[in-house]
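Worksheet: one structure, shown below.
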Ligand code: ADP
């Protein structure tokens, strides 16, 4: 048998070498193409998994997958669902649970390479935020990187998944807009980052309060509260609890528009709400007494308590209740809002952390002192603040009730947004440093109030003294 004939094009040895080289190059090109396709597939899979897990998170509440929906959502019976335990907040992220797989837009996440970073804004609890421009349009946006969790729950924490899901569903002028979700450039890495591309808003209210030489005017406070409450009413109408309302999560544009941000603690709830939510939510200074007392059945009033704390902070430029830990937080709440009784808060003793609390025996002088602490507020304003800071969650107004409150109809009227002052934007400059507790971190154990002794918190004080010591301008 003769040797296999060479290619009819390879008439010389050099030709044969050239032909082999071309072949090798072709093969290399094919290999690179296959690798690229594999990376793309990986990228799609990651994004789709993120969306799928987020969808699972809310599967309990919603079966048609379209949100927000104003219809009444029913929380399924956990037993019927075979969910015999605990906090569905945690269960949803448990490994091995079947995920509802949602295909669609999430399989087509673009790369973060479409954006050019300008400067860091803040390193937050669950992520990092930077100002960036979209290369194609020059539009300025905020990029928020979601922290990944490679502990026992691998990948994107459920908080990040919910944040994506909820922001994707929300569209309201007082809720920050999510433009898209993009993925980091190295899609072959397992710990590749996921970024939220958010509309860029120049300020957050905490930074403004820290820097402003004069407090907000009463008319400005009313406008800010109205916008905050509209955003919260929209969330509550759509069965979303924010669970981390605080001034650093309220953005303010140069056009006087307020936007609720940071949905890392938020979740959908049904009606009635799931029986066992996690009590470890909301940054300590804004956390309601029922959460501190360990309730796992709660609802919209937890956000309304935070709105009350924000109202107080807008008035004084200082966070209202700055506890050093859970017991100290509870003490500060009792000092301002009074000590609970069966009359002021029926059934509070049944809450997990309330059973062995020691409270002052003498009920005299243990009532709320909100009016005394805010002498500059009108009766309507103090009434609203007092209602928001009711110990009993059922006595707090809903966001819709609050929008109709007399306080907003009284003079001075809310200042129109267009007449709001502008402030120098810190987000366009250096990174911000915060001096406040962070939102609780998932998986951490809540400090128990156990048998904390509050029995002597009012000792040596009379009503007047407790009202004194607050310098407030007239509003
Ligand atoms: P984390 O969940 O990590 O705490 P946040 O969403 O609260 O992150 O953002 C942290 C900070 O970043 C905010 O307090 C705000 O100052 C800034 N920030 C967040 N979103 C935006 C935005 N869309 N535009 C401008 N700044 C933002």
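Here are some notes:
- Alpha-carbon centroids, the range 229-294 and the range 299-367: separation in whole Å: 18 Å
- The calculated FRET efficiency for the pair residue 254 and residue 403, based on their C-beta separation and a Förster distance of 30 Å, comes to about 0.75.
- Ordering 342, 199 from the fewest to the most neighbouring beta carbons within 10 Å gives 342, 199.
- Taken along the Cα-to-beta-carbon direction at a fixed 7 Å, the label points for residue 22 and residue 358 span 9.4 nm.
- If the chain linking residue 140 and residue 349 were pulled fully straight, counting 0.36 nm for each residue of separation and taking away their Cα-Cα distance, it would gain 70.1 nm.
- Label separation (residue 42 vs residue 110): 2.3 nm, computed from points 7 Å beyond Cα along the C-beta direction.
- Between residue 410 and residue 147, the simple spin-label model (points 7 angstrom out along Cα→Cβ) gives 4.3 nm.
A short reminder: the numbers here are calculations on the coordinates, not readings from a lab. Because the structure is predicted, anything quoted here is derived from the model rather than measured. Here the Cβ is made from the backbone with ideal geometry for all residues, glycine too, and neighbour counts use every protein chain on show.
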